[in-house]
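See structure below.
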Amino acid sequence: MRVVLQRVSSASVSSKYHGKVSVGTGLLILLGIESSDNQDDINWLSGKIIRLRIFPDDNGVMNRSVAEIGGDLLVVSQFTLHASTTKGNRPSYIKAAPPEIAIPLYNAFIDRLKSDSGLKVESGWFGANMKVSLENDGPVTIIIDTKNRE
């Protein structure tokens, strides 16, 4: 699993057919799933995101987690995070998991975030054409890959 985390003051996702969901201060999580991902990736990634200290403390130092500030989480599926651009100019998405693998993992990740954090967790709609809006706070943007646990 690969995520792009953005610390936000607010974020929303909308779809012509599904409506709109919004969150306040917290994290926008763009989630890419590949075929080799599993429950271990979900467990590790959920814990990492919830405990990651990227929110300011009283001294302005990034020393608090989203859980500590009681922030919100917005998860949006993003298969393009697994794009390969090594050949030519048209990206290949061969590493991205097909829907029959990705949808259950996407839903399990959202459920795990909810149970691990107790925070408000909203999500986009898997496979839908969505419009994502955000006010990046910082800006703070971090990439995490469960296959490269740095």
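The values are calculated or read from the model by the stated rules, or taken from the named source; none is laboratory data. From a predicted model like this one, the values you see are computed outputs, not experimental measurements. So basically every Cβ, Gly included, is an ideal-geometry build from the backbone, and we count neighbours across all protein chains shown.
The table for this structure:
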{"read-out": "The one condition in (1) more than 20 Å from ARG112 (Cα to Cα); (2) crowded, with 20+ Cβ neighbours inside 10 Å that ASP72 fails to fulfil", "value": "(1)"}
{"read-out": "Matching entry among THR80, THR85, THR25 (being hydroxyl-bearing (Ser, Thr, Tyr), under 17 Å from GLN6 (Cα atoms) and modelled with pLDDT under 95)", "value": "THR80"}
{"read-out": "Hits in the range 41-69 (condition: in contact (Cβ under 8 Å) with a residue 24 or more places away in the chain and charged (D, E, K, R))", "value": "ASP41, LYS48"}
{"read-out": "Sole exception among (1) out of contact with any strand residue (DSSP E or B) (no Cβ under 9 Å at 6 or more places or on another chain); (2) of a type in the set (D, E, K, R); (3) within 20 Å of GLU135 (Cβ to Cβ) for ARG90, by number", "value": "(3)"}
{"read-out": "The range 38-76: number of residues that are outside any loop (DSSP other than H, G, I, E, B) and either at pLDDT below 95 or of a type in the set (A, V, I, L, M, F, W, C) (or both)", "value": "15"}
{"read-out": "Residues within the range 24-37 that are over 18 Å from PHE126 (Cβ atoms) and either in a strand (DSSP E or B) or touching a Pro at 6+ places or on another chain (Cβ under 8 Å) (or both), tallied", "value": "2"}
{"read-out": "Condition met for ILE94 (at negative phi and part of a loop (DSSP other than H, G, I, E, B))", "value": "yes"}
{"read-out": "Subset of the range 9-40 (residues that are crowded, with 22+ Cβ neighbours inside 10 Å, within 13 Å of the chain's Cα centre (by Cα) and either free of Cβ contacts under 8 Å to residues at least 40 places away in the same chain or within 18 Å of LEU81 (Cβ to Cβ) (or both))", "value": "ALA11, VAL13, LEU27, LEU28, ILE29, LEU31, GLY32, ILE33"}
{"read-out": "Residue selected from the range 1-23 under the condition part of a strand (DSSP E or B) and aliphatic (A, V, I, L, M), by the criterion farthest from SER133 (Cα to Cα)", "value": "VAL3"}
{"read-out": "All positions within the range 114-133 that are in contact (Cβ under 8 Å) with a residue 60 or more places away in the chain and closer than 20 Å to ALA67 by Cβ", "value": "ASP116, SER117, LEU119, LYS120, GLU122, SER123"}
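Per-residue answers, yes or no, for (1) part of a helix (DSSP H, G or I); (2) modelled with pLDDT under 95; (3) among the basic types (Lys, Arg); (4) under 13 Å from GLN78 (Cβ atoms):
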| residue | (1), (2), (3), (4) |
| --- | --- |
| ARG90 | no, yes, yes, no |
| GLU100 | yes, no, no, no |
| ILE103 | yes, no, no, no |
| TYR106 | yes, no, no, yes |
| LEU113 | yes, no, no, no |
| ASP116 | yes, no, no, no |
| ALA128 | no, yes, no, yes |
| GLU135 | no, no, no, no |
